[in-house]
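For reference, the structure is listed below as structure tokens.
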Amino acid sequence: MNRRRFLTATATTLAAGAFAGLAGAAAPASASAREAAVFHGARRYLSTRHGRIAYVERGRGAAALFLHGFPLNGYQWRGAIERLAPQRRCIAPDFLGLGHTEVAPGQSVAPDAQVDMLLALLDGLKVDRADVIASDSGGAVAQLLLARHPERVRSLLLANCDTEIECPPPAMLPVIALAREGKFVDQWLAPWLADKALARSKDGIGGMCYLDPNQPTDEALDAYFSPMVVSAASKQRVHDYATALDHNVLAGVAAGLAGSRAPVRVVWGMGDTIFSPAGLAHLQGAFGNLHGVRRLEGSKLFWPEERPDVVAEEAQRLWAAAE
């Protein structure tokens, strides 16, 4: 695998002031810049023993929890949140080690710790159960959450992600190796942030993880990578996140997934070169209450960012089954 061809929208623009309290904000020049400003302006923080957890929340009623991929953050879900906020209280946190979450000293950023952080976040927000929507490494965390704390998951919508038979996928091994050497951020993410055309090229995150050659937008690249390159400490946290994926974090999860009665649906981009169709086949037999799969021909790993209408359509379908 070419070192720069790593995993990673055309999401319809959020209207100015779409998030509560921002209607009067000055509109940036471009639609994608306006979208970014609205999202960033809505960010909140919750203090927990794990650190100050950054999240964006919109809507009311039953909660929906959005779990992003690597090396992204909650901004991945902006289009889906816009569409689903009329039906749910949408909550999109940044994982420990990624995005704007401020990690407590000595705090692990491994998947087990991410599950504990999510429980603390839900408790702090007074959420007993949530409809979970997850992608990529966020999908691994979602499976751990379902297997270990099924009472907290009302339903689960999974996009392309780790599975017990493919965790980590082979494409992650060069990333893990570079992260272990402390070089991943400087050799991959920083060049993509500095040269956004490179980031969208066949040798960048765009070519590997997005179908549309115009994606991700400049604003999305800034949103994802800027928090990671800001300091030696932020780079180390990203490296810690990646190296924590150096073993099968889903080993032994099968019984918990099979025993859960929460409705689960899987939507898989068939153009993904990070996670193989074997992972999809495995998931088809993994859950105790599977509500089918949908294949998106041509779509790649981060299809949820490009196709928020599909996320919304599938979530609403699943939520109806859970009621």
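Where a number appears in this text, it was derived from the coordinates with a stated rule and is not lab data. Remember, it's a predicted structure, so these values are computed and weren't measured experimentally. Backbone-built Cβ (ideal geometry, glycine too); neighbour counts: all protein chains shown.
Worth a mention:
- Amide proton proximity set for VAL153, modelled H, under 5 Å, gap of 5+: ALA130
- By the beta-carbon count within 10 Å of each Cβ, the least crowded to most crowded order of MET228, MET270, fewest first, is MET270, MET228.
- Chain lengthening between ARG295 and ARG261 when straightened (0.36 nm per residue, less Cα-Cα): 9.9 nm
- Contact order relative to length of the stretch 31-322, as percent, for alpha carbon pairs under 8 angstrom and 6 or more apart: 21
- Stretchable slack from ALA31 to GLU323, in nm (0.36 nm times residue separation minus alpha-carbon distance): 101.5 nm
- Think of the stretch 216-294 as a dipole: +1 on every Lys or Arg Cβ, -1 on every Asp or Glu Cβ, centred on the Cα centre; then among GLY279, PRO216, ALA262, ALA262 lies furthest on the positive end.
- P(r) tail for the stretch 16-162: Cα pairs beyond 19 Å make up 49% of the total.
- Close Lys pairs in the stretch 31-322 (alpha-carbon distance under 23 Å; sequence gap of 8 or more, or different chains): 6.
- Relative contact order for the stretch 231-290, counting Cα pairs under 8 Å that sit 6 or more residues apart, in percent: 41
- Shape category assigned to the stretch 93-143 from the gyration tensor of Cα positions, a/c cut at 1.5: oblate
- Each Lys and Arg contributes +1 and each Asp and Glu -1, all at the Cβ; summed about the Cα centre of the stretch 88-164, the dipole is approximately 360 debye.
- Contour minus Cα-Cα distance for ASP309 and HIS40 (0.36 nm per residue): 94.7 nm
- A helix-only calculation puts the chain at -11000 deg cm²/dmol for mean residue ellipticity at 222 nm, using -39500 (n - 2.57) for each DSSP H run of at least four residues, averaged over all residues.
- Residue exposure sequence - LEU221, LEU257, LEU290 - by fewest surrounding Cβ within 10 Å: LEU290, LEU221, LEU257
- Each residue in THR273, THR217, THR243 was given a count of other beta-carbon atoms within 10 angstrom of its own, and listing them fewest first yields THR273, THR243, THR217.
- Loop-located trypsin sites (Lys or Arg not before Pro) in the stretch 172-234 (DSSP state not H, G, I, E or B) with no more than 13 neighbouring Cβ atoms inside 10 Å: LYS183, LYS202.
- Per-selection metrics, the stretch 245-294 (Cα): Rg and Dmax in Å: 11.8, 31
- Counting Lys and Arg as +1 and Asp and Glu as -1 over every other residue whose Cβ lies under 9 Å from the Cβ of PHE275, the net charge comes to -4.
- Cα-based shape type of the stretch 169-307, given that a ≥ b ≥ c are square roots of the gyration tensor eigenvalues and the cut on a/c is 1.5: oblate
- Inter-part distance where the stretch 167-232 and the stretch 278-323 are each reduced to a Cα centre, Å: 25
- Restricting the stretch 231-310 to trypsin sites (Lys or Arg not before Pro) that sit in a DSSP loop and have at most 16 other Cβ atoms within 10 Å of their own Cβ leaves ARG261.
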